[in-house]
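Structure record follows, encoded as structure tokens.
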Amino acid sequence: MKKNYFLVLLVLFTYACNQGKEAKNEIKEYTIEQFMSSIDINGSSFSPDESKLMFSSNKTGIYNAFEINTDGKNETQLTESKTKSTYAVSYFPSDERILLSADNEGNEIFHLFLREQDGTIKDLTPDSTARAEFINWSRDGKYFYFTSNKRNLQFNDVYKMDIQTFKPQLVYQNNEGYELGAVSQSGKYLALIKIITTDNSDIYLYDTENQKIKLITKHEGEINSQPSQFSIDEKFLYFMTDAGSEFTYLKKYNIENEESSMVYKENWDLMYAYYSYNEKYFVVGINKDAKTVIKVFDNKTNEEIMFPKFSSGNISSVNISKSEKFMSFYVSSSQSPRNLYVYNFEKQNYTQLTNSQNKEIDPTHLVDAEIVRYKSFDSLEIPAILYKPLKASSLNKVPTLIWVHGGPGGQSRVNYSPMLQYLINHGYAILAVNNRGSSGYGKTFYGLDDLKHGEDDLQDCVYAKNFLAKTNWADTAKVGIIGGSYGGFMVAAALTFTPDEFAVGVNIFGVTNWLRTLKSIPPWWTSFKDALYKEMGNPETDSAYLYKISPLFHADKIKKPFMVLQGANDPRVLKVESDEIVAAAKKNNIPVKYIVFDDEGHGFRKKENEIKAYKEILLFLDEHLKK
């Protein structure tokens, strides 16, 4: 009896210790307010003396411009906007005046603003109906280039603006629907892009002195080409292309002899490639399996500059200062938002300037993304990003959401999303599907959804359930679908065309009537219109097909709980589309939740709206999917 008594005590003691460990390692649930208290920052511009960096931050609830010393001290808010997000563009080359960009609560009619050193702000492009986009500074720093559609809302003309008079001067009148790709150092040359389809484009070289233009990418078949930059001596134009390749790579065009040659290639798409101000360094950004990989090379030796490795994230968004002594960059991961750093090339050390994560959140309680692949209906391999809740197990099976990215032609990437981490933290697995038609996996994969939208690409989402069924932790009876923009269309398509496959759908700013959307695209998308028609269909000639794939006209098939979120100022997906499909779905006597944000456009820019939206999404899912 005595021996058994001590055995019982030992068991109880061991159990108590284990309970203590479990309590210590317990995953805490966080509120959406805590997640949204983390800060999103982007952009970086060095001050003329390179002692400060300017960036955009939503610390105040919407985006404003901030600056911080390169030693990480003295962060200062530069703009005080309360109603519309204002983004930092650039310091002036020789003083600390700054350029800003802002639209009107999501209507995407962006203007350029000047902030004087005393804090006063002036609209430099005041036409209320026209968009303006900054391109770059002239080499001498006396003016900057920008595009505007104020002459013709359908086309972007090229202007330069003297920074003493702030009077715009027309450089190129665009009557052919080109897009500006690059400006040479003296302004002698412009590199223009003619978008033919989403798979096919051309580059034209325009000489501003003799006003002559010539095609420099003559080709047969479908090849995409995109200007990158001109060399300092204006002898070469660097450009990205996928000629003869599944993936984009960098070439250079000799302006004098009109010959092109290879510069740099990887086995993945190059997202960007450029030389620093005096061409000391060469920078490439690689889209490697939904992650950004940055490489920087010494241009004289061709040796790669070795930077510190970050176990908690990846480097992205590199910007090298004009003196080429410093480099700003961001580090982020699926568990932590972007943070801004500065690197000193001479000292070979770096300084972290920001700490964006809310200190109340333990990053180890968040989920690290995992790249997975599975076979679709035709054995095509589909890449996806898996977020498995830390508490999920064979004894605790969890509901799953199929996340579909925007587009068409977008890509889910490994980065930080407060919304996704909020849902995961509250017990939902996320499988972000990069269905056929997604970018980043070669041009063949990219073109596989042309004129098959809501069909083959939707089946890629349906077949994701087979992947989930092979896990021992996913509750396959509780699989929903969620997405934004094009992903929102896929949600509505899933509930109408495959009404028994998903238990619930959440449509965020999604298209539901392609006939209306394609007829009402914003005028500044005119140059892209034919490319969009080639992929989606022409509303004048393909109306039967577009009717077939538009969920609105088949809404009587919806029989699962449906949630729709819409921005009232959305210029891409008009509010009337969401109004109509919500009204149609309600006729089916199913749960329908509809939320309209009066001060948003195509996507969220205000934290208070994101908090409301994500909280409502979780409540909707808890009621209709988790139970």
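The values are calculated or read from the model by the stated rules, or taken from the named source; none is laboratory data. This is a predicted model, so every value here is computed, not measured. Cβ atoms come from the backbone with ideal geometry, glycine included; neighbour counts cover every protein chain shown.
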Within the stretch 300-309, take every residue that is loosely packed, with under 15 Cβ neighbours inside 10 Å and not in a strand (DSSP E or B) and give me the one that is modelled with the lowest pLDDT. Pro308
So which residues in the stretch 380-431 are touching a Leu at 6+ places or on another chain (Cβ under 6 Å) and among the polar types (S, T, N, Q)? Thr400, Gln421
Out of curiosity, is Ala102 modelled with pLDDT of 95 or more and in contact with a His (Cβ under 7 Å, 6 or more places away or on another chain)? yes
Take the residues of the stretch 565-584 that are buried (at least 24 other Cβ atoms within 10 Å of the Cβ) and out of contact with any Pro (no Cβ under 8 Å at 6 or more places or on another chain): which is nearest to Glu616 (Cα to Cα)? Leu565
Among the residues of the stretch 206-217, how many are in contact (Cβ under 8 Å) with a residue 12 or more places away in the chain and over 16 Å from Thr248 (Cα atoms)? 7
Would you mind telling me which numbered condition in (1) surrounded by fewer than 18 Cβ atoms within 10 Å (Cβ to Cβ); (2) in contact (Cβ under 8 Å) with a residue 24 or more places away in the chain Met161 fails? (1)
Confirm whether Val564 is over 22 Å from Gly409 (Cβ atoms), touching a residue at least 24 places away in the same chain (Cβ under 8 Å) and hydrophobic (A, V, I, L, M, F, W, C). yes
Select from the stretch 479-523 the residues that are modelled with pLDDT of 95 or more and charged (D, E, K, R) and list them in ascending order. Asp500, Glu501
Please specify each residue of the stretch 189-222 satisfying the condition of being in a loop (DSSP other than H, G, I, E, B) and either of a type in the set (Ser, Thr, Tyr) or in contact with an Asp or Glu (Cβ under 6 Å, 6 or more places away or on another chain) (or both). Thr198, Asp199, Thr208, Thr217, Glu222
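Take residues that are closer than 26 Å to Tyr172 by Cα and in contact with a strand residue (DSSP E or B) (Cβ under 7 Å, 6 or more places away or on another chain) and tell me which of the strands (runs of 3 or more DSSP E) falling wholly in the stretch 45-136 contain 3 or more.
Filter on the stretch 45-136 gives 86-91, 98-102, 111-115.
Can you tell me which of Pro93, Pro126 is under 20 Å from Val183 (Cα atoms) and either modelled with pLDDT under 95 or not acidic (Asp, Glu) (or both)?
None of the other options fit; the residue is Pro93.
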Say whether the condition of being in contact (Cβ under 8 Å) with a residue 60 or more places away in the chain, more than 30 Å from Thr444 (Cα to Cα), in contact with a helix residue (DSSP H, G or I) (Cβ under 9 Å, 6 or more places away or on another chain) and buried (at least 18 other Cβ atoms within 10 Å of the Cβ) is met by at least one residue in the stretch 594-603. yes
Checking Met536 against (1) crowded, with 22+ Cβ neighbours inside 10 Å; (2) at pLDDT below 95; (3) closer than 21 Å to Val596 by Cβ, the condition it does not meet: (3)
Please list, ordered by residue number, the strands (runs of 3 or more DSSP E) wholly in the stretch 234-277 having 2 or more residues that are more than 24 Å from the chain's Cα centre (by Cα) and loosely packed, with under 14 Cβ neighbours inside 10 Å. 260-264
Check the stretch 130-143 and report whether any residue there is over 28 Å from Ser321 (Cα atoms), out of contact with any Asp or Glu (no Cβ under 6 Å at 6 or more places or on another chain) and not charged (D, E, K, R). yes
Go through (1) more than 26 Å from Met271 (Cα to Cα); (2) of a type in the set (D, E, K, R); (3) part of a helix (DSSP H, G or I) one by one and return the number of the condition Lys529 breaks. (1)
Regarding the stretch 425-444, can at least one residue be identified that is touching a Gly at 6+ places or on another chain (Cβ under 9 Å), hydroxyl-bearing (Ser, Thr, Tyr), surrounded by 23 or more Cβ atoms within 10 Å (Cβ to Cβ) and more than 18 Å from Val372 (Cβ to Cβ)? no
